[in-house]
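Here the structure comes first, spelled out in structure tokens, and everything after it is commentary.
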Amino acid sequence: MGPTVAIIGAGFGGLCMAIQLHRAGIGSFTVFEKGDDVGGTWRDNTYPGAGCDIPSHLYSFSFERYSSWTRRYPGQPEILGYLEECADKYGLRSRIRLNTEVVSAAYDETLGRWRVRAADVAEGRESEELFDVVVSAVGQLNRPHLPEIPGMSSFAGPSFHSARWDHSQDLTGRRVAVIGTGSSAAQLIPPVAEAAGHLDVFQRTPNWVIPKPDAAFNRAARAVFHHLPFTQRVYREWIYRYAEGTLYRALAGGWSTGLLRKRALDHLHAQVPDPELRAKLTPDYPIGCKRVVIDSAFYPALTRQNVDVVTDRIVRIVPEGVETETGIREADAIVYATGFLTTEFLVPMEIAGRQGRRLHDEWKDGAEAYLGIAVPNFPNLFLLYGPNTNLGHNSIVFMIECQVRYIMGCLPHLTERGPMEVRPEAMDTWRRALDRAMDHMVWQAGCASWYKNAAGRVTNNWPGSTPLYRRLTREPRPSAFRFAR
Ligand SMILES: Cc1cc2nc3c(=O)[nH]c(=O)nc-3n(C[C@H](O)[C@H](O)[C@H](O)COP(=O)(O)OP(=O)(O)OC[C@H]3O[C@@H](n4cnc5c(N)ncnc54)[C@H](O)[C@@H]3O)c2cc1C
């Protein structure tokens, strides 16, 4: 039977946790999902051009390889389809409560269990249930960030965030403003530019952009992947090693930094012939400090006749468009490609641990967790894709699998010895090691990025290599934990 487990979220993380519990014969779990289907990121981001920028042979579960990917970097519908297939294959649907948002979780010390309160999203009706273990799988990029620009509500036309794309709006022939030039913007700008009559792209800071070597897998290639499964394994391993061997080294100030920078500059020169536009698009901070954009269609879209890159500071939104310091740029529709609330982990849930300690009070200087997974004073609470586990160079699914394996390794311990809680000493040692490793990383180089909280602390990224993370999370070390029994 095993412990009862509440899993919050049904994206890659929540589904991975549920699958591994199912495979281990532990059926006593419930997945709470506030959305109307599984998929997380890949359910929410339906903007034109949405897709991954880590090849899907790696950006997928290692235990659920898939020979049907139609291309190296498939689009959102295909990735969502993969996750739906996984949910069906492992019979998870009956264990997933859709349209149900966890609003709070409080640890009951007398019972040694969690009181999880969830609300029916449509009706707001709340109910409470007891669980032995809570696993948060709410992701880092789940809550859209809208900028605070005066006058936003005064705009006369439709406006929406990239992660809440309004498909009822036909942008064909219209004047469109896209605010932001990060990874989502880079993907949606080419198709929007093609459809729109005119497109203004508002850029605050240019991003480093490297090519995306996308290609379709023809039927023969897919047949090889299907009939010779080891070829998928080999291909996956090759992508993984390339990402680790070159991209990670560049972020850590290693041998490939210059190479990556040259690759980005060559890409810019090859795709943007106009020196004035090129100057606008050339970053003045070290490559990797912000998330590197991986895209081959972004620059060509910016060179189109009907596209302007606007770098004037936005002053306010007015009914007829976007007012900058040099005047009003008229628009029929505004798209906010302005990212996510990344450093506010587990918000807006209220999580209370031992002695009623609020997780958000513990994290007032920045979210942190031992291995990104466990927090002192919060027994039997585990995090997937938690603080300091994001990557700028490799697959998040890899990290999620490491975390799920670790949590599965905790279950026999907590079943035998009662609720387990990471020791503050272990957390201190972890924090010091993390800070030391962080010193070598390019994210500290002075740029603003979604990896950092308001105080400038990098709360999101893992500073080590992924093989190191895999090693550290291979199995729990009981001495790092306090047990109730
Ligand atoms: C456009 C885009 C492209 C990306 N491309 C890549 C890529 O190429 N490679 C890569 O490695 N990563 C990529 N990422 C990062 C991506 O978020 C992760 O790879 C991965 O999808 C995270 O999965 P997750 O399950 O942790 O979180 P999510 O996919 O965000 O899922 C979290 C789920 O939790 C639910 N939830 C949240 N709060 C509650 C609550 N209180 N109660 C109930 N349910 C709740 C949400 O509705 C959601 O379904 C991309 C992200 C975006 C936005």
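The values are calculated or read from the model by the stated rules, or taken from the named source; none is laboratory data. Values in this document were obtained by computation on a predicted structure and should not be read as measured data. Counting neighbours? That spans all protein chains shown, and the Cβs are built from the backbone with ideal geometry, glycine included. Remember, those area values only see protein heavy atoms, side chains included, never the ligands or the DNA or RNA. Shrake-Rupley method; radii C 1.70, N 1.55, O 1.52, S 1.80 Å.
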Test for Asp108: is it in the same structural domain as Gly75 (by TED's automatic domain parsing) and exposed (fewer than 15 other Cβ atoms within 10 Å of the Cβ): yes
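In segment 136-158, is there at least one residue being part of a strand (DSSP E or B), under 24 Å from Gly386 (Cβ atoms), within 16 Å of the ligand (Cβ to nearest atom) and out of contact with any helix residue (DSSP H, G or I) (no Cβ under 9 Å at 6 or more places or on another chain)?
Residues of segment 136-158 that are part of a strand (DSSP E or B), as a first pass: 136, 144.
Now restrict to residues that are under 24 Å from Gly386 (Cβ atoms): 136, 144.
If we keep only those that are within 16 Å of the ligand (Cβ to nearest atom) as well, we get 136, 144.
Right, trim to out of contact with any helix residue (DSSP H, G or I) (no Cβ under 9 Å at 6 or more places or on another chain) and you get none.
Checking segment 136-158: not a single residue is part of a strand (DSSP E or B), under 24 Å from Gly386 (Cβ atoms), within 16 Å of the ligand (Cβ to nearest atom) and out of contact with any helix residue (DSSP H, G or I) (no Cβ under 9 Å at 6 or more places or on another chain).
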Candidate set from segment 37-65 (those that are touching a residue at least 40 places away in the same chain (Cβ under 8 Å), more than 6 Å from the ligand (Cβ to nearest atom) and of a type in the set (Ser, Thr, Tyr)); member that is least open to solvent (accessible area, probe 1.4 Å): Ser60
Residues satisfying the stated conditions in segment 206-222, i.e. open to solvent by less than 50 Å² (accessible area, probe 1.4 Å) and in contact with a Ser or Thr (Cβ under 8 Å, 6 or more places away or on another chain): Pro206, Asn207, Pro211, Lys212, Phe217
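Here's the yes/no breakdown for (1) of a type in the set (Lys, Arg); (2) open to solvent by 50 Å² or more (accessible area, probe 1.4 Å); (3) within 20 Å of the chain's Cα centre (by Cα); (4) farther than 25 Å from Leu346 by Cα:
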{"residue": "Arg432", "(1), (2), (3), (4)": "yes, yes, no, no"}
{"residue": "Asp435", "(1), (2), (3), (4)": "no, yes, no, no"}
{"residue": "Trp450", "(1), (2), (3), (4)": "no, yes, yes, no"}
{"residue": "Arg457", "(1), (2), (3), (4)": "yes, yes, yes, no"}
{"residue": "Asn460", "(1), (2), (3), (4)": "no, no, yes, no"}
{"residue": "Thr466", "(1), (2), (3), (4)": "no, no, yes, no"}
{"residue": "Glu475", "(1), (2), (3), (4)": "no, yes, no, no"}
Matching residues in segment 87-104 - criterion: being among the hydroxyl-bearing types (Ser, Thr, Tyr) and surrounded by fewer than 16 Cβ atoms within 10 Å (Cβ to Cβ): Ser94
Among (1) farther than 19 Å from His393 by Cα; (2) assigned to a loop (DSSP other than H, G, I, E, B) - the single one Ile54 does not satisfy: (1)
Residue match in segment 375-391 (condition: free of Cβ contacts under 8 Å to residues at least 24 places away in the same chain and more than 16 Å from the ligand (Cβ to nearest atom)): no
Every residue from segment 279-326 that is hydrophobic (A, V, I, L, M, F, W, C) and outside any strand (DSSP E or B): Ala279, Leu281, Ile287, Cys289, Val292, Ala297, Phe298, Ala301, Leu302
Checklist (1) under 17 Å from Ile317 (Cβ atoms); (2) open to solvent by 30 Å² or more (accessible area, probe 1.4 Å) applied to Leu130, failing item: (1)
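If a residue must be open to solvent by 20 Å² or more (accessible area, probe 1.4 Å) and either aromatic (Phe, Trp, Tyr) or within 14 Å of Phe298 (Cβ to Cβ) (or both), how many such residues does segment 265-276 contain?
To start, the set of residues in segment 265-276 that are open to solvent by 20 Å² or more (accessible area, probe 1.4 Å) comprises 265-266, 269-271, 273-276.
Among the residues that remain, those that are also either aromatic (Phe, Trp, Tyr) or within 14 Å of Phe298 (Cβ to Cβ) (or both) are: 270-271.
Adding up the residues that qualify gives 2.
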Neighbours by Cβ (under 8 Å, 6+ apart or cross-chain): first from segment 9-29, under 16 Å from Leu384 (Cβ atoms) and touching a residue at least 12 places away in the same chain (Cβ under 8 Å); second polar (S, T, N, Q) and away from the ligand (no atom under 14 Å from the Cβ): Phe29/Thr4
Single residue of segment 279-299 satisfying the filter (open to solvent by 50 Å² or more (accessible area, probe 1.4 Å) and not aliphatic (A, V, I, L, M)) that is nearest to Pro150 (Cα to Cα): Lys280
Count of segment 339-372 residues which are within 13 Å of the ligand (Cβ to nearest atom), assigned to a loop (DSSP other than H, G, I, E, B) and open to solvent by less than 20 Å² (accessible area, probe 1.4 Å): 5
Matching residues, segment 21-36, being within 10 Å of the ligand (Cβ to nearest atom) and open to solvent by less than 40 Å² (accessible area, probe 1.4 Å): Val31, Phe32, Glu33, Gly35
Output for segment 276-298, where each listed residue is in contact with a strand residue (DSSP E or B) (Cβ under 7 Å, 6 or more places away or on another chain) and over 16 Å from Gly180 (Cβ atoms): Leu277, Ile294
Residue ranges of helices (runs of 4 or more DSSP H) in segment 393-485 with at least 3 members among the β-branched types (Val, Ile, Thr): 396-417
